[in-house]
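Working notes for the structure below.
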Amino acid sequence: MSPSLERPPFRADERTALVGWLDLQRRILRWKCEGLSEADAHRSVIPTSPNMTMAGLIGHMRWVEHTWLEVLFLGGDTSRNPSFDDTDENADWRTDGISLERLLDDYEAQCARSNEIVAAASLDDVGRHPDFHSANANLRWMLIHLVEETGRHAGHADIVRELLDGAKGYY
């Protein structure tokens, strides 16, 4: 595993730096899935966290992006996002019957949509959803949070991948 991953420029403006770091963490997550079989992508290797599979990580992160930028920031509908399922706190991690390829495609599409939303707004714009306290954050705060959460889960992907097949590597 040795991708060509680059950090954003050292002297980037704020938006370029924030989106650049977020895009890097997103690419690391996708990279950690390269070459995995379907069985391994859905295999649990952490007994106390059975939903933390590579497929589960990708599915979860797709819905995290949707939650923060389409729901909280734009004020969008929660009904199609499993993160808002009050009957199953892990619904956004569940990937039974969904191929890794589809999960990655859906994640890629969601990241592209997120980048469109970010490009069309000011970093000072505040979320619009009236039902969630977190929507009071501005876009800058939401992007920093997405960098943090995506980076955290990229670290989880490092561990899960190593436990699956021994593959290691940062970049």
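Does any residue of the range 108-121 turn out to be farther than 20 Å from G75 by Cα, at pLDDT 95 or above and surrounded by 14 or more Cβ atoms within 10 Å (Cβ to Cβ)?
Residues of the range 108-121 that are farther than 20 Å from G75 by Cα, as a first pass: 108.
Then keep just the ones that are at pLDDT 95 or above; that gives 108.
Now narrow it down to the ones that are surrounded by 14 or more Cβ atoms within 10 Å (Cβ to Cβ): 108.
The answer is yes, given that some residue of the range 108-121 is farther than 20 Å from G75 by Cα, at pLDDT 95 or above and surrounded by 14 or more Cβ atoms within 10 Å (Cβ to Cβ).
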Problem set entry | Extreme residue, surrounded by the fewest Cβ atoms within 10 Å (Cβ to Cβ), among residues of the range 53-75 that are part of a loop (DSSP other than H, G, I, E, B) and touching a residue at least 60 places away in the same chain (Cβ under 8 Å) | G75
For this session: Scan (1) part of a helix (DSSP H, G or I); (2) exposed (fewer than 14 other Cβ atoms within 10 Å of the Cβ) for the single condition V160 breaks and write down its number.
Result: (2)
Exercise. Which condition number in (1) more than 17 Å from L163 (Cβ to Cβ); (2) assigned to a loop (DSSP other than H, G, I, E, B) is the one that P50 fails?
Worked result: (1)
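Let's see how each residue does on (1) within 21 Å of Y170 (Cβ to Cβ); (2) touching a helix residue (DSSP H, G or I) at 6+ places or on another chain (Cβ under 6 Å):
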position: R11; (1), (2): no, no
position: A39; (1), (2): no, no
position: S49; (1), (2): no, no
position: M54; (1), (2): yes, yes
position: H60; (1), (2): no, yes
position: G75; (1), (2): no, no
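Tell me yes or no: at least one residue of the range 130-148 is surrounded by 14 or more Cβ atoms within 10 Å (Cβ to Cβ), within 23 Å of S37 (Cβ to Cβ) and modelled with pLDDT of 95 or more. Spell out the reasoning first.
As a first pass, look at the range 130-148 and keep what is surrounded by 14 or more Cβ atoms within 10 Å (Cβ to Cβ): 132, 134-135, 137-147.
Pick out the ones that are also within 23 Å of S37 (Cβ to Cβ) and you get none.
For the range 130-148, residues surrounded by 14 or more Cβ atoms within 10 Å (Cβ to Cβ), within 23 Å of S37 (Cβ to Cβ) and modelled with pLDDT of 95 or more: absent.
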For this session: Kindly indicate whether any position in the range 126-135 is part of a helix (DSSP H, G or I) and closer than 11 Å to F73 by Cβ.
Result: yes
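The values are calculated or read from the model by the stated rules, or taken from the named source; none is laboratory data. Values in this document were obtained by computation on a predicted structure and should not be read as measured data. Counting neighbours? That spans all protein chains shown, and the Cβs are built from the backbone with ideal geometry, glycine included.
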